[in-house]
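Each remark here refers to the structure printed beneath this line.
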Amino acid sequence: MKLRNGKKMLIHDLEISLLEGIKILRQLVPAGFLLILVYVLVNELVCYSQQVPGLAIPPVLPLIGNLHQLRTNAAQQYEWAKDLGPVYQVRLGNIPVMVINSAAAAKVILGHNSPATASRPQLYTYHKVCSLTAQAIPYLYQLLNYSSYLILRGQRSEQRPTMTR
């Protein structure tokens with residue numbers, strides 16, 4: 001008899017905890033939707049601020065831009081070139097990309113603005129990591145020379161004076 005009551009109490013406790021979980025979930029779902037909406041709005045504002053002013057842009061979808069149109073529909077890009085002109089921009093996700101469709105426009109844009117258009121993407125390992133260590137290279141040689149001097153002098157590490165600048 002006690003076992004049955006124990007099972008009933010266990011089921012009753014599970015029902016109560018399930019109802020509490022549903023109540024908490026009902027409170028979190030609107031907050032989650034609000035958070036997603038705020039993210040999409042901020043993302044669109046950032047993308048809008050990165051667009052090149054004065055260049056036409058075809059209609060875009062939030063978050064993905066024109067990615068859905070570029071993969072399968074080549075005729076769409078031909079129509080964009082006719083409608084938007086020889087130079088326009090598309091959005092690949094969050095990145096604005098300039099499309100140049102004529103040789104004359106390419107000569108003007110790439111020839112006269114070559115320092116601005118001849119850049120390469122920054123590599124994380126080179127531009128971020130190596131540039132941090134490059135700042136310490138002059139001090140590294142000085143430290144190596146000083147350390148080898150102290151080693152040749154025969155001082156122990158606890159007796160060595162510290163280097164201060």
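The values are calculated or read from the model by the stated rules, or taken from the named source; none is laboratory data. Given the structure is predicted, the values throughout are model-derived calculations rather than measurements. No Cβ is skipped: glycine too gets one built from the backbone with ideal geometry, and neighbour counts run over all protein chains shown.
Between L34, L67, which is touching a Gly at 6+ places or on another chain (Cβ under 8 Å) and either surrounded by 10 or more Cβ atoms within 10 Å (Cβ to Cβ) or modelled with pLDDT of 85 or more (or both)?
L67
With the requirement that a residue be of a type in the set (S, T, N, Q) and not in a helix (DSSP H, G or I), what does the stretch 103-118 give you?
Result: N113, single match.
Six or more apart or on different chains, Cβ atoms under 6 Å: show the pairs whose first residue is in the stretch 56-68 and within 11 Å of L84 (Cα to Cα) and whose second is buried (at least 17 other Cβ atoms within 10 Å of the Cβ) and hydroxyl-bearing (S, T, Y).
Matching pairs, first to second residue: A56/Y88.
Condition (residue is under 19 Å from the mean Cα position of the chain (by Cα) and either surrounded by 16 or more Cβ atoms within 10 Å (Cβ to Cβ) or outside the structural domain of L41 (by TED's automatic domain parsing) (or both)) applied to the stretch 70-82: is it met by at least one residue?
Within the stretch 70-82 (the criterion being under 19 Å from the mean Cα position of the chain (by Cα) and either surrounded by 16 or more Cβ atoms within 10 Å (Cβ to Cβ) or outside the structural domain of L41 (by TED's automatic domain parsing) (or both)), the answer is no, since none of the residues qualifies.
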